[in-house]
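Structure, as structure tokens:
Each reported figure results from applying straightforward, stated rules to the coordinates on display, with no laboratory input. All values derive from a computational prediction rather than experimental measurement. Every residue, glycine among them, receives a Cβ derived from its backbone with ideal geometry; neighbour counts consider all protein chains shown.
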Amino acid sequence: MRLEMGHIYIRDIQFAAESKIADGVLYVSEEALKAVVLEDEKLKSVSFDIAKPGESVRITPVKDVIEPRVKVEGRGGQFPGVIAKVDTVGEGKTYALKGMAVVTAGKIVGFQEGIIDMTGPGADYTPFSQTLNLVMVAEPVEGLKQHDYEAAVRFAGFRVAVYVGELARELTPDEVKVYETPTMMEGLKLYPDLPRVAYVQMLQSQGLLHDTYVYGVDAKKILPTILNPTETMDGAIVSGNCVSACDKNPTYVHQNNPVVEDLFAQHGKTLNFVCQIITNENVYLADKMRSSDWTAKICKMLDLDGVIVSQEGFGNPDTDLIMNCKKIEAEGVKTVIITDEYAGRDGKSQSLADADVAANAVVTGGNANEVVILPKLDKVIGTLDYVNKIAGASEDTLRPDGSLEVELQVITGATNETGFLKLSAR
Amino acid sequence: MCIVPFFITLAQERNGAMREKYYILTNNPMVAGKLSEDHKVVFMELSFEEILKEARSRIHSGQSLLTHPLSGSVKPNETPYKSLLIGEAKPTTEELAFTLELIETAIAACGKFRAKGDKYAQDFQLIDYTLIKSAVESADMGI
Amino acid sequence: MVKEIERAGLPVVHVCTVTPISMTVGANRIVPAIAIPHPLGNPALDAAEEKKLRRGLVEKALKALTTEVSGQTIFE
Amino acid sequence: MGKIKVVHYINQFFANIGGEEKADYPAELRKGEFVGPGMALNQAFGDEAEIIATIICGDSYFNENIETTKAQILEWVKELAPDVFIAGPAFNAGRYGVACGTMAAAVKEELGIPALTGMYEENPGADMFKNNVYMIATKNSAAGMRDAVKKIAPLALKLAKGEKIGASCEEGYLPNGVRVNFFEEKRGSERAVDMLIKKLAGKPFVTEYPMPDFDRVEPNPAVKDLAHTKVALVTSGGIVPKGNPDHIESSSASHYGEYDITGVMNLDEATYETAHGGYDPVYANADADRVLPVDVMRDLEKEGVIGELHTKFYTTVGNGTAVASAKAFAAEYAQKLVADGVGAVILTST
């Protein structure tokens, strides 16, 4: 499977009467955007705002972050089984608007979502302080149940991203990158003596606000399976997960998975990037047994030499991560696992909820309990009154001078477990 | 220290029925309310850490832990609510070792997070309810 | 803990209910105990019976101490 | 504020007094002087800091009179009131490493003065003190002096100025169990790919989070003559005399209990109980023999099956997880058991 990825660099976003993209500037009509969102009668009202890197702006509570893309050639469309009809994506030609994101915010539940600071110390801990953010804050109709409101906001975010992406359909990309995954036999012939490597991605899958969808299917319900990595570039995997802001994977991370990117960079040179394997992190222990057995079985059947395993979330998935690592290594396939840590505010507690000698190669995204002071910023997009309910924030979070004393947990993407950032710990 | 347990054999060995007899141990009123018609629910007015310790005592006395005590990325103490599935059957030694490590680690993890009061009790109850519901669906599926 | 005692040159037997944990912490001589709240006893028995049970366990522990082992061994 | 004041501790060898034959050189304070490696340190400080005194002590003298020498040196340091105390570096010299670790930890914990040392990671002093005081990782011989000074000097200045100390791999100190965040050059995914390529090629790589290692210890030979062997009881079940006199905490206890059972033939509800919070205490409180089998051991002693039951037993309370077993206590009371002529141990766990 071969995909040409066209990058169109956006250097500014402005509201305007008519939506279009002209020499790197996204002009977007608020009315048109509102119409797209309010197609869903479960949403009463919506407001849009723009946050730019360096501005004294805080976005919170953040639900999801999405990159606008459009499929210009090949089967299917963006977010198959969610927005576009079900079809196998990941081939042909797709354009992505780089340097910007659609950010959804809004009261789903009164806690847990994250913070994006566009400036100050907080900006160092989130990738989304570097993007031009088109922020959507949606309000539910009276009495709407959380389940329905979460789904409504999630789908509205994707619709907005698709609407913005469509504006680029006729443009010429500033840069094109080609990604190709050979079939098994092709790969063997092309790279007979390169190590066969795959990416095992564990998807958060535990319940409301903890879910991930693959071609629209709830990851709790899947058996581990294989994908062409380029399928994720057309939105085959989307986030319904908005808890533990620091180590959940927003849809943006699924679209721009760094492990996929960095394995492709070595593909054909030092390794043969065979495929992506996806598995889940269920609550029921027997499900964990089945999924980790199945994942190890797939690694064996594909005659892999090595895998990179990334997890998503806190505590519960540590157990799946160690199970996957142990069982894959037992099949003679070498592993490197990526995680983050909860070592307490003083850094002295046991970082992971599980451990095993087989996990001798670990990359860490840092200690999510570390405390940071976020200065008062001029503008808040979303609502601030939930901030001390956000994970890692405590009663004395909002300090007299308006600054926030919080743990990295509350910052969206701070200790991302796909290795999206450079933060680490020792 | 992760010992590989064999839950599947556990279910088949006993009385042949694939369905494993279990009950829901919880301090969450919503779970008690919504699930007690067609499931055995043991509701106890305890804190997050105390309900984990209650589960531990039941494991010590020969019952099985069927769900992960740190389920949900909502952190211990940040949510006051926790529900767990407890199996009536005696676990194998490997399963006992594996689940004891899980429950002890979860209890130890409580110290890492600050309690947050329960201004959002309704939301925390809902999250905990959906987490255990997903486990109940797996359990009722037959293994 | 058991490793530190062994490292000090003292033969040591670990009477432990959850033997896999005893294996993990590195005990070389292991005797499975009865239950976590009462490893060397059983409240369901009468006093004499319970002491006989305890005697059996301690004798098994002493047998382990007087048996050469090359690696981690559980004395069932 | 003027130059940062530094006090430096070294042994007889690095003070050019002599080698092993001078190891009994008593502790000496040389005010207003830097000696041996102190020269390189002073240069490295430039005009930011200076060594205001050097304390010299022979390794044998120190290790054979630890309490008195430590007290004497602490007194000197207290009076000198430096901004930071540096001991060593000791490289791979075992007794010197223990002396450096002891003094640096004592100055920090008892005088509250920032302190650091430096040694090779396999120096016995490393495992003992790396979690108590910052310890720069050095090569295993004095050939590594230049490199050691290059790391010790900046860390000493940072400690003296009370600046935030970075992660172990940034500042060069041995990992001390405290996880500290920092920013790498490459993002996590790229580091993971690099690590996998090395691991696949069998090349060395450094994990970013070492798993607790379950190292192995070989079994001791079996007891030959049980009838003439002193057997001791130890438990992690938290059995203590009624009322828990030493206040052993119910989880992750900070100290262990040592209790005398001379003349005690049986543990009962009136005299013994459990301090452990990790299991239902009802059965242990009713009859502590169910955790610590003193009654049966006394019978075996009377019948001559065992030589004797040791007069003392040791008790601890862990935090329940296998990973955090109480390693430090065991090393200490194991020495006491050996010193008391114990020949075998029965360790009971709940």
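Observations
- DSSP bridge analysis restricted to chain D gives an antiparallel fraction near 30%, rounded to the nearest 5.
- Take every pair of alpha-carbon atoms less than 8 Å apart whose residues are at least six positions apart; their mean separation over the length of chain A yields a relative contact order of 19 percent.
- Beta bridges per DSSP, both residues in the range A:73-216: antiparallel share near 10 percent.
- Estimated from helical segments only, the mean residue ellipticity of chain D at 222 nm is -10000 deg cm²/dmol, where each DSSP H run of four or more residues counts as -39500 (n - 2.57).
- Among A:Thr225, A:Val153, A:His210 the positive-end extreme of the charge dipole of the range A:2-410 (Cβ point charges): A:Thr225
- Gyration tensor verdict on chain D (Cα atoms; rounded if a/c is under 1.5, prolate if a/b is larger than b/c, oblate otherwise): prolate
- Per-residue shielding of A:258-269, expressed as the average number of other chain Cβ atoms within 10 Å of the residue Cβ, stands at 3.
- Averaging the sequence gap over all C-alpha pairs within less than 8 Å and six or more residues apart, then dividing by the number of residues, gives chain D a relative contact order of 12 percent.
- Judged by the mean number of other Cβ atoms found within 10 Å, the most tightly packed of the peptides D:199-211, D:232-244 leads the ranking D:232-244, D:199-211.
- Peptide-level mean, for A:316-323, of C-beta atoms on other protein chains within 10 Å: 5
- Subtracting the Cα-Cα distance of D:Glu269 and D:Lys224 from 0.36 nm times their residue separation leaves 12.6 nm of extension gain.
- Chain A: calculated mean residue ellipticity at 222 nm from DSSP helix runs of at least 4, using -39500 (n - 2.57): -6000 deg cm²/dmol
- Charge dipole magnitude, Cβ of K and R +1, D and E -1 - the range A:2-410, Cα centre, debye nearest 20: 620
- Among A:Ser56, B:Ser71, sorting on how many other beta-carbon atoms sit within 10 Å of each Cβ, with the fewest leading, yields A:Ser56, B:Ser71.
- Shape call, the range C:2-74: gyration tensor on alpha carbons, a/c limit 1.5: prolate
- Relative packing of D:251-261, A:348-358, which averages over residues the other C-beta atoms within 10 Å, highest first: A:348-358, D:251-261
- Normalising the average separation of contacting C-alpha pairs (under 8 angstrom, six or more residues apart) by the number of residues puts the relative contact order of chain C at 33 percent.
- In the range A:1-76, trypsin sites (Lys or Arg not before Pro) in a DSSP loop with at most 14 other beta-carbon atoms within 10 Å: A:Arg11, A:Arg75
- Where both bridge residues fall in the range D:4-171, DSSP classifies roughly 15% of the beta bridges as antiparallel.
- Between the beta carbons of D:Asp260 and A:Asp346, assuming R0 = 41 Å, the FRET efficiency works out to 0.65 to the nearest 0.05.
- Between A:Glu331 and D:Met39, the modelled label-to-label distance comes to 6.3 nm, taking each label 7 Å out from Cα in the direction of the beta carbon.
- ³J(HN,Hα), Karplus 6.51/-1.76/1.60, whole Hz, each residue of the range C:3-8, x for Gly, Pro: 5, 5, 5, 5, 5, 6
- Overall form of the range A:2-410 per C-alpha gyration tensor (a/c, 1.5; a/b vs b/c): oblate
- Among A:88-101, D:27-40, D:146-159, the order from most to least packed when residues are scored by Cβ within 10 Å on average: A:88-101, D:146-159, D:27-40
- Averaged over the residues of D:296-306, the number of partner chain Cβ atoms lying within 10 Å of the residue Cβ comes to 3.
- From phi via Karplus (6.51, -1.76, 1.60), per-residue ³J(HN,Hα) for the range D:173-180 in Hz, x at Gly/Pro: 8, 5, x, 10, x, 10, 7, 10
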